[in-house]
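In what follows, a structure is listed as structure tokens, so that the remarks can point back to it.
Each value in this text was obtained by applying a stated rule to the coordinates, not by laboratory testing. Predicted model, so just to flag it, every value in this text is computed and none were measured. Using ideal geometry, Cβ is built from the backbone for each residue, glycine included, and neighbour counts are taken over all protein chains shown.
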Amino acid sequence: MRLDDVVSRANEITKELSSVVLGYEEESRLLLAALLANGHVLLEGVPGVAKTTMARALARLLGLGEDLVKIGEVPYKGFSRIQFTPDLMPSDITGSLVFNPITREFEPKFGPVFAYVVLADEINRAVPRTQSALLEAMQERQVTIGGSTYPLEVRRKGKFFFVIATQNPVEQEGTYPLPEAQLDRFLMKIVVDYPRSLEVEKRIYRLHMDRITEPLEDLEPIVGPQWVVEAQEYIAKHVKVSEESLEYATRIIRATRPSVFEPVARFFELGASPRAGIALIRAAKALAALRGSEVVELEDVETALFPVLNHRLMPSLERIVEEGLRGERHIARYKVIREGLEFVKKSVSL
Ligand SMILES: Nc1ncnc2c1ncn2[C@@H]1O[C@H](COP(=O)(O)OP(=O)(O)O)[C@@H](O)[C@H]1O
Ligand SMILES: [Mg+2]
């Protein structure tokens, strides 16, 4: 694999994605960057803004559907969608032992998490115990069923593991927001807002106007899972971080911490951890590759900043209240984090 094989294919994927999910070029790029950095993604937005569509379209473009691929004794689905609901149990995600009356033995029944791309739809509607089952699987990249452990990632066989979870930022009754410590398992949280302009919104309606099926059903695969694994390895190995970018990223991370940089306390109650810093650099590397560069520049760090940090920083409640956007608290939250990160960028000089 060469950089050109990563870039040209990635560009085709983003182009096709933007033909069925209109107006989210930046978000699609981030989604692909997270995949190539071998991270997981949380898509946050109100219902009806094409979150599920984006995830399904990406899976199709990676050649992943309902088909099973057997590796060892485990059958993996290309793509599986888990609709999170209050009555979903941990074993509905991971699997369980079932009794086979013919062999008179217990056998593993593999849950929907055994897939290349897992869409965990409306993750905040399940109870915490069930959410934890998925988050643990994401972290460990393996699952234990009845005392035996099975891998979710088998790189030498081209098996990667990518979770796209979606959630509605408006906390309704019967939803369970993920705790900060668990949100950390997502490399990025990508905010999917309403269409940016009247023109984009009209294009969306035009796309759907003369058809009754979903446009994504017309998409043809561009690559296969082997490409994903190879592109991930290529980026990890060959994309370098310049001394200047490393210095910049480190200064930014430190400046988000009120205990290190007191003035930032106006925006953040809690700053970013070293784990967040590692994630920032990993994401910046994938973004550099997508730009066609083998070196991470300051702009890559800046592009990764909001999606990598927004779910890991605790914004100041006081600032959120000052924003005075009651009713749309989540928007006030994004605003405070954006402001805080702008302030941090300005305060950090190289
Ligand atoms: N930006 C967009 N471009 C194309 N179609 C869109 C867009 N936003 C919404 N839609 C359409 O609206 C419907 C709802 O999308 P969906 O992915 O189910 O939303 P969500 O998962 O965010 O609730 C789908 O038919 C989708 O194709
Ligand atoms: Mg949806």
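For this structure, a couple of remarks:
- Summed over all non-identical Cα pairs, the Kirkwood treatment of segment 1-65 gives a radius of 12.3 Å.
- Phi-derived couplings, Karplus 6.51 cos²θ - 1.76 cosθ + 1.60 at θ = phi - 60°, listed residue by residue for segment 296-301: 6, 9, 4, 4, 5, 4 Hz, with x used for Gly and Pro.
- Radius, Kirkwood style, for segment 1-137 when every pair of distinct Cα atoms is counted (Å): 16.7
- Amide hydrogen proximity for Ala115: with H placed 1.01 Å from N in the peptide plane, the residues at 5 or more positions away or on another chain lying under 5 Å are Lys77.
- Note that segment 56-62 has calculated 3J(HN,Hα) couplings of 5, 5, 4, 4, 4, 5, 8 Hz, one per residue in order, obtained from phi through the Karplus relation 6.51 cos²θ - 1.76 cosθ + 1.60 (θ = phi - 60°); glycine and proline are x.
- Proxy reagent accessibility, fewest Cβ within 10 Å first, across Lys51, Lys109: Lys109, Lys51
- Segment 239-347, dipole about Cα centre (Lys/Arg Cβ +1, Asp/Glu Cβ -1), debye to the nearest 20: 340
- A Gaussian network model of the chain, with springs between Cα atoms under 10 Å, assigns the largest mean-square fluctuation among Arg29, Arg203, Arg312 to Arg203.
- Residues whose amide H comes within less than 5 Å of that of Gly95, counting only those at least five positions distant or on another chain, are Gly111 (H built at 1.01 Å from N in the peptide plane).
- In sequence order, calculated HN-Hα J values of segment 145-153 (Karplus, 6.51, -1.76, 1.60; Hz; x Gly/Pro): 10, x, x, 9, 9, 10, x, 9, 10
- Loop GluC sites (Glu not before Pro), segment 129-178 (other Cβ atoms within 10 Å of the site Cβ: 16 or fewer; DSSP): Glu153, Glu171, Glu173
- Checked against a 21 Å cut-off, the cross-linked pairs Lys70/Lys109; Lys237/Lys285; Lys51/Lys285 give Cα-Cα distances beyond that limit for Lys51/Lys285.
- Kirkwood Rh (inverse of mean 1/r, distinct Cα pairs), the chain, angstrom: 21.3
- The chain - mean residue ellipticity at 222 nm from DSSP helices (-39,500 (n - 2.57) per run, n ≥ 4, rounded to 500): -14000 deg cm²/dmol
- Calculated P(r) tail over 20 Å for segment 239-347, as whole % of Cα pairs: 39
- The chain: most fluctuating residue of Glu297, Glu12, Glu243 per GNM, C-alpha cutoff 10 Å: Glu243
- The chain: most fluctuating residue of Lys157, Lys15, Lys335 per GNM, C-alpha cutoff 10 Å: Lys157
- Translational diffusion of segment 202-298 was estimated from the Stokes-Einstein equation, with Rh taken as the Kirkwood radius over Cα pairs; at 4 °C and 1.567 mPa s the coefficient is 76 µm²/s.
- Neighbour counting of Cβ atoms within 10 Å sorts the residues Lys202, Lys237, Lys345, Lys77, fewest neighbours leading, into Lys237, Lys202, Lys345, Lys77.
- Footprinting exposure proxy for Met209, Met314 (fewest neighbouring C-beta atoms within 10 Å first): Met209, Met314
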